[in-house]
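Report on one structure; see the data block that follows.
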Amino acid sequence: MVPLGPSLRSLCTRALFFGAAISFAQTTSTSPSSTPGQAIPGTGGVSSFASSVPAKPVAGVLPLSFQDAIDRGLKQNLGLLLSRAEVRSARGQRWEQLSVLLPHVAASPYIDDSKINLAELGLKSVGGLSIPPSVGPFSYFDARAAVTQTLFDWKSINAIRAASQSLKSADYTFKDARDLVVLAVGFTYLQAIADEARIETAEAQVRTAQALYDQAIDRINAGTSPDIDGLRSKVELQTRQQQLIQAKNTFSIQKLTVGRVIGLPPSQEFELTDKSPYQSLEVTTVD
């Protein structure tokens, strides 16, 4: 073994303490935040429910409550709009199949104007009187109507039944789409509230780490603590500051997700008015 000198031994000791400080800061980090852009649970990964048709922007900061977010989602969400279009398409197909058994009326009007060329017939004068080369115009009008109806067509009857069942299926799909929109809006809104609460937690931890760092610096200046305590406190403070920046970025991304689900323009500023108040757990008795 090669003996270590005092300076090299001190350097290795500082490196070990620095690594321990980083490990301690990583293991005592805040609660995990949401993953930006994650799939909304319950939608089956369908991207249409995570999108919407943007509405007109509102001047200033828009206060957005939980109920307002759901109402906007039910009006602007793309998945629900597509499901409503499928219902209209199924209803139109049913009427198209039903029209085969309904009476069909066909009308054919005819209007014509004609002239008679007397010169071609050799009539130029009669009894010394000159005759015009043509006479007219004469108008002709003819209008006819026809009514046809199929009394019995088993193939058309089965097609009408199939179209009716398709319409019922589209109606049930539309109701399910409404539930999925409420689920998507509620999930993104509550996730944004949780991310906003994590910012407050991160800010409190930054203030605590700042106070510990200032206390460590005072002790080092007073000569009651080694320099490694100040280094460890500084690493802890910088880690908490980085976590605060990450929490703010995650909250901003989650707000964009909320706006995309409920149909807010990307440039629209809004704030979440509904918060999740703190409630202590009720103590459960033995009984």
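The values are calculated or read from the model by the stated rules, or taken from the named source; none is laboratory data. Given the structure is predicted, the values throughout are model-derived calculations rather than measurements. We place every Cβ from the backbone using ideal geometry, glycine too, and count neighbours over all the protein chains shown.
Points to keep in mind about this one:
- Sole exception among (1) assigned to a loop (DSSP other than H, G, I, E, B); (2) in contact (Cβ under 8 Å) with a residue 60 or more places away in the chain; (3) polar (S, T, N, Q) for Thr285, by number: (2)
- Figure legend. Inter-residue proximity from segment 74-93: first residues under 24 Å from Ser164 (Cβ atoms) and touching a residue at least 24 places away in the same chain (Cβ under 8 Å), second residues among the acidic types (Asp, Glu) and assigned to a helix (DSSP H, G or I), beta-carbon distance below 7 Å, spacing 6+ or different chains. Indicated pairs: Val87/Asp171.
- Within segment 94-105, the residues that satisfy the criterion of being in a helix (DSSP H, G or I) and either touching a His at 6+ places or on another chain (Cβ under 9 Å) or surrounded by fewer than 16 Cβ atoms within 10 Å (Cβ to Cβ) (or both) are Trp95, Glu96, Leu98.
- Any chance Val286 is among the aliphatic types (A, V, I, L, M) and in the same structural domain as Leu62 (by TED's automatic domain parsing): no
- Each residue in segment 259-281 was checked for being over 26 Å from Ala204 (Cα atoms) and either surrounded by fewer than 10 Cβ atoms within 10 Å (Cβ to Cβ) or hydrophobic (A, V, I, L, M, F, W, C) (or both), and 5 of them qualify.
- The condition (being under 30 Å from Leu81 (Cβ atoms), out of contact with any helix residue (DSSP H, G or I) (no Cβ under 6 Å at 6 or more places or on another chain) and among the hydroxyl-bearing types (Ser, Thr, Tyr)) is satisfied by just one residue among Thr250, Thr208, Thr273: Thr273.
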